[in-house]
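These notes are about the structure you will find just below.
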Amino acid sequence: MIFQMNLAAVFTAAAQASWKRTKPMLVRDTVILPALGFLGIILLWWVVALFRRDLMPTPAEALVNNLDFILNPFYQRGPGDLGLGWLLIASLRRVLLGFLLGAVVAIPIGFLIGMSRPVMLALNPIIQIFKPVSPLAWLPIALAIFNLADPSAIFVIFITSLWPTIINTALGVSSVPQDYLDVSRVLEMPRWRQVIKIILPASLPYIFTGLRISLGIAWLVIVAVEMLTGGIGIGFFVWDEWSRLNLSSVFLAVLVIGLTGLLLDFAISQLQAWVTHRRPTATN
């Protein structure tokens, strides 16, 4: 009993000593260094603003000018006068609809390409031709088809979301170890059971990597699409404020767009960790 108490005390002391050594490094890596990075960006902005006083506000001026947007993100003062929160929700709705539709189409196609060489030979040239096409090049075609801005924006996001998910899913399926498949054949598993029990679990990290890339690109594209189509959205807000030479609001929108993209990537990485029970790796 005494030996167990002494052993517990030793472990407790060792844990406390380890925490005392780790805590300063944790604070430095998670608080101090990121804060210095943001401080450097703000100082750079301030210096540039001092040389362009005619147009560009300083960080302090931008904060004062945007207090109404920050304190009242969900105001409604007219048909076209909405708070930044409503504009962000409108853009997120378009992105998530297009992204989910793209995932529903892209994942099965990726499985077909990864599992069947004839399908890969048939579809790979199409993917290689359309993948480098700028997403905005699809906007006139979408407008011609739908004749409305909102479904056209969703269609562009849908097309944008296809390629990274298809490619990564196909790569994941084709990378399943042959030993796994041989064992399933020995056990006489039907094909559908091989897909569900072996191929899908082994491919999930690749699939989620494709989904993260697709969602990041979709969030980038929606801003440009809304600039061109107009209406309600964070992209049109950026263009409208620039037309008024109100750079303070443009800087606020840039910050909101960046933080929203970060949260979207964090959400899908947490979903990946929950589904695969693995810690996700960073993606560019």
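Points worth noting:
- The alpha carbon centroids of the range 167-225 and the range 121-144 are separated by 22 Å.
- Local electrostatic count, Leu101, Cβ distance below 13 Å [Lys/Arg +1, Asp/Glu -1]: +2
- When each of the peptides 160-173, 110-123, 64-77 is scored by the mean number of other C-beta atoms lying within 10 Å of its residues, the order from highest to lowest reads 160-173, 110-123, 64-77.
- Size of electric dipole in the chain: Cβ of Lys, Arg +1 and of Asp, Glu -1, about Cα centre, debye, nearest 20: 820 debye
- Here percent of Cα pairs over 27 Å apart was computed from the coordinates, and among (1) 58; (2) 35; (3) 41 the match is (1).
- Per-residue ellipticity at 222 nm, computed for the chain from helices alone with -39500 (n - 2.57) per DSSP H run of at least four residues, works out to -26000 deg cm²/dmol.
- Per residue, the range 116-169 exposes an accessible area of 52 Å² to a 1.4 Å probe, with every protein chain left in place.
- The chain, accessible surface, carbon-and-sulfur percent (1.4 angstrom probe): 72 percent
- Considering only alpha-carbon pairs that sit under 8 angstrom and 6 or more positions apart, the relative contact order computed for the chain is 20 percent.
The values are calculated or read from the model by the stated rules, or taken from the named source; none is laboratory data. Not measured: the values here are computed from a predicted model. Note that we place each Cβ from the backbone using ideal geometry, even for glycine, and neighbour counts take in every protein chain shown. The protein model used for the area step is the full one, side chains on, heavy atoms only, and it has no ligands, DNA or RNA in it. Shrake-Rupley method; radii C 1.70, N 1.55, O 1.52, S 1.80 Å.
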